[in-house]
Amino acid sequence: MRFEVCDAALMDRYLAVRREVFIDEQGVSEELELDAADDLPTTVHLVGLDGEDAVASGRLLDVGSPTVLIGRVAVRSARRGTGLGRRIMAALEEVARDRATGDFTLELHAQEHAAGFYESLGYAVASEPYLEAGIRHVTMRKAMTAS
């Protein structure tokens, strides 16, 4: 298993994970899932590869700013429960630390049912529940320091 920052050659495989999890499984519209933030120069896409198969995804928005947003964290259904979620989160945090300067905050909008998972990684709930893409979410944050 390896995690790679996406280039043009990896982007289709990365997006296939997001489509499978968010659009096909969860019913999020393609217009909401594939948004303008995907193309920003401060966005970093990370894909988890098992051989050549993409099995996990995640992205970082506003890399290098005081608040970096983690989003679109997904693991293909056949690979859930194997620790891959923890591994993609660790890889996202490492990329954020490597590209940051000084102290910063990681923020994510967690589906409410997954808040316990993120709490186990050191994130704290920072909001009341709200709807995003028709799914209940909470904002969560974690203080970090650049490497």
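The values are calculated or read from the model by the stated rules, or taken from the named source; none is laboratory data. In this text, all values refer to a predicted model and were calculated from it rather than measured experimentally. So basically every Cβ, Gly included, is an ideal-geometry build from the backbone, and we count neighbours across all protein chains shown.
Key figures
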quantity: Residue count, segment 88-147 (criterion: in contact with an Asp or Glu (Cβ under 8 Å, 6 or more places away or on another chain), small (Gly, Ala, Ser) and either on the phi > 0 side of the Ramachandran plot or at pLDDT 95 or above (or both)); calculated: 3
quantity: Number of the condition not met by VAL68 [criteria: (1) at pLDDT below 95; (2) closer than 22 Å to GLU132 by Cα; (3) not in a helix (DSSP H, G or I)]; calculated: (1)
quantity: Only listed residue being touching a strand residue (DSSP E or B) at 6+ places or on another chain (Cβ under 9 Å), within 27 Å of ARG136 (Cβ to Cβ) and crowded, with 17+ Cβ neighbours inside 10 Å, chosen from LEU40, LEU46; calculated: LEU46
quantity: Selection from segment 18-65 of residues that are under 18 Å from ALA110 (Cβ atoms), part of a helix (DSSP H, G or I) and not aromatic (Phe, Trp, Tyr); calculated: ARG18, VAL21, GLU25, LEU32, GLU33, ALA37
quantity: Residue within segment 49-71 that is touching an Asp or Glu at 6+ places or on another chain (Cβ under 7 Å) and farther than 22 Å from ALA115 by Cα present; calculated: yes
quantity: Subset of segment 90-144 [part of a loop (DSSP other than H, G, I, E, B) and surrounded by 19 or more Cβ atoms within 10 Å (Cβ to Cβ)]; calculated: ALA100, TYR123
quantity: Segment 14-31 residues that are in contact (Cβ under 8 Å) with a residue 40 or more places away in the chain and of a type in the set (Val, Ile, Thr), paired with ones that are surrounded by 16 or more Cβ atoms within 10 Å (Cβ to Cβ) and assigned to a helix (DSSP H, G or I) (beta carbon under 6 Å, 6 or more apart); calculated: VAL28/PHE22
quantity: Long-range neighbours under 8 Å by Cβ, at least six apart or interchain, first residue more than 15 Å from LEU69 (Cα to Cα) within segment 125-141, second in a loop (DSSP other than H, G, I, E, B) and aliphatic (A, V, I, L, M); calculated: ALA133/VAL28; GLY134/VAL28; ILE135/VAL28
